[in-house]
Amino acid sequence: MRAYLMYQEGREQTKPAFSYAPDALESDLELQRILKCMAGDDKTIYDACEDALLRPMQSVEAILYRQTVLRDAMQNPEAVRRMYAIAAAADQNNKYFLSATRLAETFANAVELLKRYTKMLRDLREVADRKISDFTSEGFKNLMEMLRRELTDEFFAQVQEHLTEMRDVDNILVSARLGSNLLSTDYTLRRKEKGFWLKWNLTPSYSVNAEKGAEELEDIRKRRERAISETTSVMTQSAMFLEGFFNMLRSELAFYVGCLNLTDKLRELGMPVCLPSLLPADSMDRSWRGLYDVSLALTKGEPVVGNDLDAAGKCLYIITGANQGGKSTFLRSLGQAQLMAQCGMPVGAESFTAPIRSGVFVHFKREEENWMKSGRLDEELTRMSRIADHLGAGALLLMNESFSSTNEREGSEICHQVTKALVENGVEVFSVTHLYAFATRFLGDSRTQYLRAQRREDSQRTFKILPGEPLETAYGEDLYRKIFVEQGVTM
Amino acid sequence: MFYSILYPRREQHEQPRLETEPDYFGDLNLDQIFQPILTEEKGFGLKEKKTVGLESFFYTPLQDIEAITYRQEVMRELEDENLRAVFNGFAYTVYGIQMFVGMVHDALTSLQRWRDNYITRGQLLDCVERYIAAVDGLCAALAGMNLRSDGLKGFAGYLKDYAASDAFTAMRSRAKKLREQLSTVEYCMLIKHGVIRVRRYEGQADRAKDILAIFSKFSQGQTRDFKFHVTDESRDMRMEAIVLNMVAAYYKDIFADLDKFCEKYYNFIDETVSRFAREIQFYLSWLDYIAPLRQNGLQFCYPTIKNDARALYCRAGFDLALAYRTRGEPGAIVPNDFELNAPERILVITGPNQGGKTTFARAFGQMHHLASLGLCVPGREAALYLFDTILTHFEREEDINTLNGKLQDDLVRLRELLVRATSRSIVIINEIFVSTTLTDALTLGTRMMDALAAKNVIAVVVTFLDELATHGPETVSMMTTVDPEDPARRLFKIIRKPPDGLAYAMFLSSKHGLTYEQLSGRLKKK
């Protein structure tokens, strides 16, 4: 019994590859905040969404399948959340401790455990009965049908019969044979046929003296343990199967519950959310309205600035402009949207159209790591070289102030050579840079789109990123005035 | 009268000390340097703070040349391995006794009444005996030695008087007598179901011996010796105490003596001895820490501490955190010199990246802090400045939480630094203004140099801006050097030299296969 919500049946074996350098992606693009919002305290949702986000799908068809299921979930949020809650309740079952050391207790626990799982299955059937006609997507329709087909009334009746018979571990029927030295062996727990008490009532019996017969009582206890061990194992095994089923269902639903949570939160903040359109991998066109940094919006808990873009036939985007002008934010918003779009998630924008990319890579400026043996430029080059080992034509690379750990002249030269080689070999590059010499090297190139952080006449920043070529003017003076002169400190 | 091995006078010891790391510790990797001294491995990669509590002494720079000299002399004397072994053993023993006494005191004052019992009292007697042995042992060891430093001489004199005092002598003889009495006690237990009964031992025969005697004649010469192994550790202390209590009823006098002894010697450790045992570890742990580095040829020296900055220098200094991490392997560490002769006050370090600039700056700060603690410092010889504080500015990662730009953060931190700096301060600035344009960096960098010169601080500035190295008469330009045969190879030697504007970034780039031609080739192969 399987649900196919994340991948079409038959496709689940060939998951898309996991992203290169996932830790860097998560921290540079601030993905944890998004995942945290999707998951709340639920680790299953976090893991499922993280896994989806870091496995960008490579076909429009696969992305559409998930988008269709997601749309269905958005139409039926209550039923989806209800099924998730039912499956998630499996967590509470681990309080039923199963171990070989106290077998009688374990036996009773296993019975209780199976009872609980049966109740969960009944709840699922109830949702399926009630909601089957509301769902329209292939994924959810198949799931509902499967639940109704497998969880029949007859199934529940059989389970109930067993559980009722095993209520009392002190009242059991067991068969055994004789082994070496005529010692009893092969203990097998038996069911009690109807009316068995009449037959057993008059057979000869021996009573243990509870006052003096501690050893005798101990012997009875051991016999009982031998009798129930096989049954306890089987019940434990069954419980494990059930746990696996609910975990599967939970992780299939988790991604969609996460999407519902995120969408709810963003709408509450008054931020737009859309299902993106994906173009084939060979496209060089991008277009969006109101694209914003989802994690920034979540951090601030208020609306943030979005950006628009229409670009056709571009493979290099160079973003320049004032410090604190929203450049890194812009880069993050794009990286997030690309990954979210390619896993079938909604995107933080009014609309978002982008080509499928073979992978998203980040090369962000890093703090000097505290191993002193390697310098910062060397660290940047090492990281870039590793990225070059993993990316190829069709990849998207986001560079944030790359090669700024050396002086501007050298940094520009290295950055220019690297960037030129990348775009010429089919890699799409977004590069935020302060390296003026580098930035101006591509002026006049028709495949390069220049963008600039807007700055109004009064020195105020709007955090808008607009088409525009690099300006040489520096903004350090602004900050110097604000931080030193206006505070009455001389420097 | 001797008070502390770390300060010549009691008042100095009572001055408040820093209980947390000074701000510059992280930037200068001083936290890494002291970590092995202040923490210990707890297995599974876990580290835990040592309970000896020396942190504040390693955190607090001394402001007084006399106190620094007092420590330098003690440490010089402790360079003698035999002497060090004597004090090491003593400190370790006293520390162990104190830990144990702490537990005994806990038990004797516990709200769980049963823990105040004869077992616990017996433990206290044990501690007293070990303490007496340690004091007597150290006295004997020091008797034949000719100590030179004020600190150690002072302590040896104190200890001799203490060990001969009436109070100590009385304690010694009472402990001895009590132990003799306790060794005469002998008793029997009868255990039935959950019942144990106790009596004096009355000459009953050894059952195991008797049984063995009865059955040994059946032996066929088997050599296998069969025995169940039962460990002592799972012993129930509560039951143990109950039994001993029953025993005590038969030996009332002896146990009354034990009670009296414990009352009298509840606190038996002399405060000055205890303080010494703790504080001597300041020196011992440092000498232990640098020992493997010295074995590999790295030099340490006792610097002259200068009240003025007219002539400061260090020969063959090095970054101790780096040295410790590379275990001082020959060739791993390149020692460097510096010299500041008035009016020079600021070292500006430029040159190719990865040439050891940051390491040099850290080493400069480290040796000053270490010298101010009275420790021996990396280097062959040195004259260092008696500073009031060290102020550092190292790069930090942008944090979305602050919603603050990098440049703004740089400037705000620089302002705080300049506000705090005095002419007695040491300032270390590592790569500032890298996130802005060249024009911005130059304007702001020059202003910063003006401010540092005006404040009259002693400073090290690591920068890619060659212009800062020729700022004025107070600046000394130093550069990293490269191998002329192979410019991509760093020598990690930093020398006085005007900036040459040449850096070697492209060599590095080619080393990583990232020039245009190399990278194009790599991508085409896919």
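The values are calculated or read from the model by the stated rules, or taken from the named source; none is laboratory data. Since we're looking at a predicted model, the values are computed, not measured. For neighbour counting, all protein chains shown are included, and Cβ atoms are generated from backbone atoms with ideal geometry for every residue, glycine included.
What are the residues in the stretch A:463-491 that are part of a loop (DSSP other than H, G, I, E, B) and either farther than 24 Å from residue B:419 by Cβ or in contact (Cβ under 8 Å) with a residue 60 or more places away in the chain (or both), if any?
Here is the first cut: in the stretch A:463-491, the residues part of a loop (DSSP other than H, G, I, E, B) are A:468-475, A:484, A:488-491.
Within the stretch A:463-491, A:468, A:469, A:470, A:471, A:472, A:473, A:474, A:475 meet the criteria.
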Inset, instruction - Could you tell me whether any residue of the stretch B:51-66 is without any contact (Cβ under 8 Å) to a residue 24 or more places away in the chain and farther than 17 Å from residue B:276 by Cβ? - result: no
Inset, instruction - Can you tell me which residue among B:288, B:270, B:257, B:319 is of a type in the set (Asp, Glu) and surrounded by fewer than 16 Cβ atoms within 10 Å (Cβ to Cβ)? - result: B:288
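Given the options B:491, B:442, B:468, name the one that is under 27 Å from residue B:335 (Cβ atoms), part of a helix (DSSP H, G or I) and assigned by TED's automatic domain parsing to the domain that holds residue B:314.
Numbers: B:491 fails: part of a helix (DSSP H, G or I); B:442 fails: under 27 Å from residue B:335 (Cβ atoms).
Checking each option against the conditions leaves just B:468.
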Inset, instruction - Identify the single condition in (1) among the polar types (S, T, N, Q); (2) part of a helix (DSSP H, G or I); (3) within 33 Å of the chain's Cα centre (by Cα) that residue A:431 does not satisfy, given that it satisfies every other one. - result: (2)
Inset, instruction - State which residue is nearest to the other protein chains (Cβ to nearest Cβ) when the search covers only the stretch B:445-459 and only residues that are farther than 14 Å from residue B:416 by Cβ and assigned to a helix (DSSP H, G or I). - result: B:447
Legend entry - Subset of the stretch B:265-284 [free of Cβ contacts under 8 Å to residues at least 12 places away in the same chain and part of a helix (DSSP H, G or I)]: B:271
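Here is a yes/no grid of residues against (1) in a helix (DSSP H, G or I); (2) buried (at least 16 other Cβ atoms within 10 Å of the Cβ):
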position: B:87; (1), (2): yes, yes
position: B:140; (1), (2): yes, no
position: B:146; (1), (2): no, no
position: B:151; (1), (2): yes, yes
Inset, instruction - Among the residues of the stretch A:397-418, write down those that are within 7 Å of chain B (Cβ to nearest Cβ) and outside any loop (DSSP other than H, G, I, E, B). - result: A:408, A:410, A:413, A:414, A:417, A:418
Inset, instruction - Check every one of the strands (runs of 3 or more DSSP E) wholly within the stretch A:264-351 and list those with 2 or more residues that are among the aliphatic types (A, V, I, L, M). - result: A:277-279, A:307-311, A:316-321
Legend entry - Selected residue (criterion: nearest to residue B:393 (Cα to Cα)) from residues of the stretch B:1-40 that are aliphatic (A, V, I, L, M) and crowded, with 16+ Cβ neighbours inside 10 Å: B:28
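Could you list, in sequence order, the residues of the stretch B:318-331 that are without any contact (Cβ under 8 Å) to a residue 12 or more places away in the chain and either over 14 Å from residue B:292 (Cα atoms) or not assigned by TED's automatic domain parsing to the domain that holds residue B:493 (or both)? Quick ask: steps written out before the conclusion?
Here is the first cut: in the stretch B:318-331, the ones without any contact (Cβ under 8 Å) to a residue 12 or more places away in the chain are B:326, B:331.
Matches in the stretch B:318-331: B:331 only.
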Inset, instruction - Among the residues of the stretch B:1-60, count how many are of a type in the set (Gly, Ala, Ser) and within 14 Å of chain A (Cβ to nearest Cβ). - result: 1
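For the stretch A:458-474, name all the residues that are more than 7 Å from chain B (Cβ to nearest Cβ), of a type outside the set (Val, Ile, Thr) and closer than 16 Å to residue B:405 by Cβ. Give the steps one after another, and end with the answer.
Keep residues of the stretch A:458-474 that are more than 7 Å from chain B (Cβ to nearest Cβ), which gives A:458-473.
Okay, now just the ones that are also of a type outside the set (Val, Ile, Thr), so A:458-461, A:463-464, A:466-472.
A:459, A:460, A:461, A:463 - these are the residues of the stretch A:458-474 that are more than 7 Å from chain B (Cβ to nearest Cβ), of a type outside the set (Val, Ile, Thr) and closer than 16 Å to residue B:405 by Cβ.
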Inset, instruction - Give the stretch B:323-378 a look and list any residue that's assigned to a strand (DSSP E or B), more than 30 Å from the chain's Cα centre (by Cα), away from chain A (no Cβ under 12 Å) and of a type outside the set (A, V, I, L, M, F, W, C), or say none. - result: B:341
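Being among the aliphatic types (A, V, I, L, M) and modelled with pLDDT under 95 narrows it down to one of B:332, B:361, B:382, so name that one. First the steps, then the outcome.
On the way: B:361 fails: modelled with pLDDT under 95; B:382 fails: modelled with pLDDT under 95.
Selected residue: B:332, the only one of B:332, B:361, B:382 that is among the aliphatic types (A, V, I, L, M) and modelled with pLDDT under 95.
Could you say whether any residue in the stretch B:81-88 is in contact (Cβ under 8 Å) with a residue 12 or more places away in the chain, in contact with a strand residue (DSSP E or B) (Cβ under 9 Å, 6 or more places away or on another chain) and not assigned by TED's automatic domain parsing to the domain that holds residue B:359?
Just the residues of the stretch B:81-88 that are in contact (Cβ under 8 Å) with a residue 12 or more places away in the chain, to begin with: B:83-84, B:86-88.
Of the ones still in play, those that are also in contact with a strand residue (DSSP E or B) (Cβ under 9 Å, 6 or more places away or on another chain) are none.
No: zero hits.
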